[in-house]
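Peer 1: Supplied in structure tokens, the structure appears directly below.
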Amino acid sequence: MERPAGFGVRLLANLIDGIIVGVILSFITFLFYGDFYKEDYNITDLLSTLYLIIVPVVWKGYVIGKRLMNIRIVKKNGENVTILTMILRVIVAGLLYGLTIGIAFIVSAIMVAVREDKRAIHDFIAGTYVINER
């Protein structure tokens, strides 16, 4: 496994993504509904999920935050991620995190912090890992 990305850089990449994408999606929601978040329509959630699935496939494992931090998602064999890979990583893992009321998410964060390969539960589900590109 080549240069796995650690907890700090992954956290920062996710924070950057959350801020940049959150602002953009809130603006889009405001344009459509006159409010920054409409719980009844969940357009922000849908667009965010599509972003997390489609952009890494098109951008070869990068999303905005990961690109800025020089880390990317790859399949365990080193190949680029596919739509199926990202559906497993985002939707299936997201369901698991929700069903366990966030406990699996906390376990994942600890795994990234302490495991040598820095893989989280969603990495195991999807057969991926996050690498440093530097």
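All of the numbers you see were taken from the coordinates with simple rules; none came from a lab. Just so it is clear, the model here is predicted, and its values are computed rather than measured. Here the Cβ positions follow ideal geometry from the backbone for every residue, glycine too, while neighbour counts run over all protein chains shown.
Peer 1: Using helices alone, what [θ] at 222 nm do you get for the chain, with -39,500 (n - 2.57) per DSSP H run of 4 or more residues, divided over all residues and rounded to the nearest 500?
Peer 2: That comes out to -18000 deg cm²/dmol.
Peer 1: Something else about it: Taking only pairs that are 8 or more places apart or on different chains, how many Lys pairs in the chain have Cα atoms under 26 angstrom apart?
Peer 2: Lysine pairs satisfying the spacing and distance rule in the chain number 8.
Peer 1: Taking the chain as the reference, fit the longest principal axis to its C-alpha atoms, fit the long axis of helix 7-33 to the helix C-alpha atoms, and give the angle between the two in degrees, 0 to 90, nearest 10.
Peer 2: Taking the Cα atoms of the chain, the angle to 7-33 is about 20 degrees.
Peer 1: Something else now. Using θ = phi - 60° and the Karplus form 6.51 cos²θ - 1.76 cosθ + 1.60, what ³J(HN,Hα) does each residue of the range 119-134 get, whole Hz, x for Gly and Pro?
Peer 2: Each residue's phi maps through the Karplus curve to give 8, 9, 4, 5, 5, 5, 4, 8, x, 10, 8, 10, 10, 7, 9, 7 Hz.
Peer 1: Could you go through the range 51-60 in sequence order and give the Karplus-derived ³J(HN,Hα) for each residue, using 6.51 cos²θ - 1.76 cosθ + 1.60 with θ = phi - 60°, rounded to whole Hz, and x for Gly and Pro?
Peer 2: Result, ordered by residue: 4, 5, 8, 7, 4, x, 6, 5, 9, 6 Hz.
Peer 1: Label points 7 Å out from Cα along the Cβ direction at Asn132 and Arg3: separation in nm?
Peer 2: Placing both labels 7 Å along Cα→Cβ, they lie 0.7 nm apart.
Peer 1: Grab every C-alpha pair in the chain, bin the distances at 5 angstrom width from 0 up to the longest one, and report whole percents.
Peer 2: P(r) over the chain, rounded to whole percents: 2, 11, 18, 23, 22, 13, 7, 3, 1, 0.
Peer 1: Further question: Compute the length gained on full extension between Leu12 and Phe32: take 0.36 nm times their separation in residues and subtract their Cα-Cα distance, giving the result in nm to one decimal.
Peer 2: Length gained, Leu12 through Phe32: 4.2 nm.
Peer 1: Quick one: angle between helix 103-114 and the longest Cα principal axis of the chain, in degrees between 0 and 90, rounded to 10, please.
Peer 2: Computed tilt is about 40 degrees.
Peer 1: Once you order the gyration tensor axes a ≥ b ≥ c over the Cα atoms, which shape class does the range 68-133 get: rounded for a/c under 1.5, otherwise prolate or oblate by comparing a/b with b/c?
Peer 2: It comes out oblate by the Cα gyration axes.
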